[in-house]
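What follows is a short report on a single structure.
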């Protein structure tokens, strides 16, 4: 019974990683940049939704939508001001700029919302009891897992079926050729950032609802973990990010339960290293045939 | 031939600039012209310069992005502290102990670099970056589990995986003292680091790295960066040269770590986290990839910058972030570049080639 | 390219220097020579940005309140007090820089440093320079060990660990205890170590120990499930209130309701914005300060803090406030004047602190030993209906 309970908390944690990783991987796939500020957009999403719920007394669903709108706008502004001017610059320069943006967001949040950690009110409360109450699954875990799957499916359909999705894939394959085909590369990248940031807002709400505390540095560690998850699954691949996130969550949970709570993170990273040594492009990475 | 002369000249300018800076700071310090605050930063500045220069070898010259450089600094720092503190009774001279600590730190970090390098260097690009990040985090957690003490019978080391062990489990004899106490880090370290030692370390690092870069091996390493397949096809041994650069870089970071560790009476394993790795990477990128002199200047300025921004109080790190973004935009944006090209056309044209 | 980068870096440097110059000239009082002779200069460092910003900001705000009150009431021995707080991001290197900056400013005694690790680094400098230092909240024993001029206002970690164990064995000796602590944090690990040692000698039954680190401080369901499976009915949390609040809400979500027992770091949980106080119902903690206390001193302080900063002060704030008043009492008792040298002040203050008794927000009849550790009584409180009630 404990095993099931560990597994469920692992999947729930993994679902949050997966949603963040989806945002990471989309931006990476198209803009070829590691957006280290992604984790901090999550934190902003958390704060916006919390402020909306606590100070403005808006219902949770409106708060989530508001957070998505604000984060989308924020993502587009960041992209326009900080990343767009560096389109032709070396990728390391963009990486450092992203780190600058990350510091900027954290310290702005510190000034706006203060240093005191805030307790987050989950968007739904309560738990489902099964097996005579021996096993309980909180509704927020169920919601997280469900959202994760829905987002993954919607994104896959979007990328494969829509005009804009095709444009994104074209940009990710070859920017120059895409431009020659009449695709507005700059706009496509901006749209990608908008989608990624909206996802970050959802991830922020779900992350904070499961792990009910919010402070200006809340986003950075989940951001790094999600980056790890994205690489684990094969960066640039949407199903890869999903798989990587879920697996990472399960490994972390199992490592804590059965090996050592002390070294849980190390075990996660060690598994990542081993995986990459066997499959150098991640589980579902581009250069690996899709026959898994 | 002419080309060679030019690079040699450039290297001598770098050495000379460092020596002059050292003399100027020492003289000004003796004359009481420097604030305490600045003097207190001299040793960490030296450490960060060595860190930046050594990371530049991996990132700029070998062309592989490493996000775990602080891990090597950590290995060097803690092994250096153990060496210096355990020899306290045997070797009374602090200078000699410092030298031993730096050598030990460099050796351990070099070994760690070799162990990590073998698997890591098979990977490329962002995959390599994430694996170095992972190793950095693993090193941090492992050192966090380390409990070390010394008594008349020698060193006692336990590795506290369960989290349930404390200093008492070392079972030290009367008069024994703890050097590293797990999560509490290395405490009570005798601070024997000095600015002179930092200067000497910078000079040694420069000699090692500049000579490596200008040597046949250095050219092989740069060939790997510029075009790995072409380099391989002319018979350059990829693994050998990658390892050479990576291990050298790790060892120098270890020495810098040892110096850093011996400058503070308390050092926590969590100090050397992802953020520290990123900090050093920022020095390297801002100073220019492959540009050793740039790394030195960037490390020095960016270490002092947050201190100079103290008067902004709460806004300090916000201003730091803005400066960082603006500098990156200013140095890499094509339009801004073009604008500046008109102001200093000749120099830029030369650099472009 | 290279020249060009150098150029931009110079621009950045000039910018920052200009910024420094500008703000220095806007605050002439701090550096004007004539004022310096007639004021006591107290400095403090702590994290006001980064992860631990809450602790530094609490101390900074509370110290400023105390200094303003003292100045309004005529100062110390008739001299006004200047207070300056520098950010150290809870990092040893930055803390030493911050301390040096304060020494350049002319600091005569240090209230600090706020966090343990940073404080140990600064304490060796303080010892070399013979500057008197009183830390509000750095609780590690390494802070004061071997330094005669370094004093603590908070409990040292071992006191809290053994205090908790003694309280448990007296009041709930049969409990099956689980400990969840943060093992990359000196404070948490320090309390846990002495707690477990003391618990073993008192015959308490510790059935499970779980750890977490700063990087895994989001999900505690595994540790809680394991504690529940081990049959623990008392969970000891020697951690700060932020992760504790997450643990409480996750335990509630999984329907696990043991008695939770905290230490002074747990204080602040009730005032955490957005926290559902019903989750903390029945939580016990040992704390020297309670913002709900009814005495005049606490009420005035809490009211003033709320007026200025819009939030309820936590125990760090109370410790900071007490530090300033303890310093005032010692300076007055020793008839100190600002023209005394730092060393003279240091010796005078050491003599006073080791002999005086101080009443403040965080305890009455506090005294200090020559080792710099404070002796005061922690009180065990239990949370009932969202307020602290003294436990029997």
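Under the definition of Cα pairs under 8 Å and six or more residues apart, what whole-number percent is the relative contact order of region C:158-287?
25 percent
Starting with the fewest neighbours, write out C:45, C:144 ranked by other beta-carbon atoms found within 10 Å of each beta-carbon.
Lowest count first: C:144, C:45.
Per DSSP H run of n ≥ 4, the term is -39500 (n - 2.57); total these for the protein assembly as shown, divide by its residue number, and report the mean residue ellipticity at 222 nm rounded to 500 deg cm²/dmol.
-20000 deg cm²/dmol
Quote the relative contact order of chain B in percent (integer), defining contacts as alpha-carbon pairs under 8 Å separated by 6+ residues.
Numbers: 526 pairs, mean separation 105.6, N = 353.
Once normalised by length, the contact order is 30 percent.
Thinking of region C:81-123 as a set of Cα atoms, what percent of all their pairs are more than 12 Å apart? If you can, show how the numbers build up before the last one.
On the way: 467 of 903 pairs.
That tail contains 52 percent of the Cα-Cα pairs.
Between Rg and the Kirkwood Rh of region A:1-84, both from Cα atoms, what is the Rg to Rh ratio?
Ratio value, two decimals: 1.08.
Where both residues lie in the protein assembly as shown, what percent of DSSP beta bridges are antiparallel, nearest 5?
Here the antiparallel bridges make up roughly 50 percent for the protein assembly as shown.
Using 1/(1 + (r/R0)^6) with R0 = 22 angstrom and r between the beta carbons of residue C:355 and residue C:127, what's the FRET efficiency to the nearest 0.05?
0.60
Please report, in whole Å, how far the alpha carbons of region A:48-100 spread along each principal axis, starting with the longest.
If we take the Cα atoms of region A:48-100, the spans are 45, 15, 13 Å.
Among B:174, C:82, A:173, which comes first, then next, by fewest other beta-carbon atoms within 10 Å?
Ascending Cβ contact count within 10 Å gives the list B:174, A:173, C:82.
May I ask for the equivalent-ellipsoid semi-axes of chain A, computed as the square root of five times each C-alpha gyration tensor eigenvalue and listed largest first in whole Å?
29, 24, 18
Treat each spin label as a single point 7 Å out from the Cα along the C-beta direction, and report the residue C:294 to residue A:149 distance in nm.
About 5.7 nm, to one decimal.
Find, to one decimal place in angstroms, the Kirkwood hydrodynamic radius of region B:112-243, where the mean of 1/r is taken over every pair of different Cα atoms and then inverted.
Across region B:112-243, the inverse of the average 1/r is 18.7 Å.
Once the Cα gyration tensor of region C:240-392 is found, what semi-axes does its equivalent ellipsoid get, as square roots of 5 times the eigenvalues, in whole Å, sorted largest first? All intermediate terms of the calculation are to be shown ahead of the outcome.
Values: eigenvalues 256, 52, 35 Å².
After diagonalising the Cα gyration tensor, the semi-axes are 36, 16, 13 Å.
When only alpha-carbon atoms count, how far does region B:2-352 stretch along each of its three principal axes, as whole angstroms with the largest first?
72, 55, 39
How high is the relative contact order of chain A, in percent, counting Cα pairs under 8 Å that sit 6 or more residues apart?
On the way: 470 pairs, mean separation 104.7, N = 292.
Reported as a whole number, the value is 36 percent.
Give the whole-number value, in cubic angstrom per residue, of the convex hull volume spanned by the C-alpha atoms of region C:103-196.
On the way: hull volume 8.8 nm³, N = 94.
Per residue, the Cα convex hull of region C:103-196 comes to 93 Å³.
So if I take the alpha carbon set of region A:175-230, get Rg, then get Rh from the Kirkwood formula, what is the Rg over Rh ratio?
Using only Cα positions, Rg/Rh for region A:175-230 is 1.18.
Give me P(r) over the protein assembly as shown, computed from all C-alpha to C-alpha distances, binned every 20 Å, as integer percentages.
Using 20 Å bins, I get a P(r) of 13, 45, 35, 7, 0 for the protein assembly as shown.
What order do you get for C:105, C:368 when you list them from fewest to most C-beta neighbours inside 10 Å?
In increasing order of surrounding Cβ atoms, one gets C:105, C:368.
Over chain C, consider all pairs of different Cα atoms and compute the Kirkwood hydrodynamic radius from their mean reciprocal separation; express it in Å, one decimal.
One over the average 1/r among Cα pairs gives 22.1 Å for chain C.
Kindly provide the Kirkwood hydrodynamic radius of region A:1-141 in Å, to one decimal, from all pairs of distinct alpha carbon atoms.
Details: mean 1/r = 0.0576 Å⁻¹.
Evaluated on region A:1-141, it is 17.4 Å.
When all alpha-carbon pairs of region A:162-292 are counted, what percent fall beyond 24 Å?
I get 43 percent for the Cα pairs in region A:162-292 exceeding 24 Å.
For region B:1-136, count all C-alpha to C-alpha pairs, find those more than 22 Å apart, and express that count as a whole percent of the total.
57 percent
Rounded, prolate or oblate: which fits region A:81-152 when a ≥ b ≥ c are the square roots of the eigenvalues of the alpha-carbon gyration tensor, with rounded for a/c under 1.5 and prolate only if a/b beats b/c? Write out the running numbers ahead of the final one.
Values: a/c = 4.33, a/b = 2.00, b/c = 2.16.
Taking the square roots of the gyration eigenvalues as a ≥ b ≥ c, region A:81-152 is oblate.
List the pair-distance distribution P(r) of region C:158-287, using every Cα-Cα distance, as the percent of pairs falling in each 5 Å bin from 0 up to the bin containing the longest distance, rounded to whole percents.
It works out to 2, 11, 24, 26, 22, 12, 3, 0, 0, in whole percents.
Each value in this text was obtained by applying a stated rule to the coordinates, not by laboratory testing. Quick caveat, the model's predicted, so the values are computed rather than measured. A quick note on method: Cβ atoms are made from the backbone with ideal geometry, for glycine too, and the neighbour counts reach across all protein chains shown.
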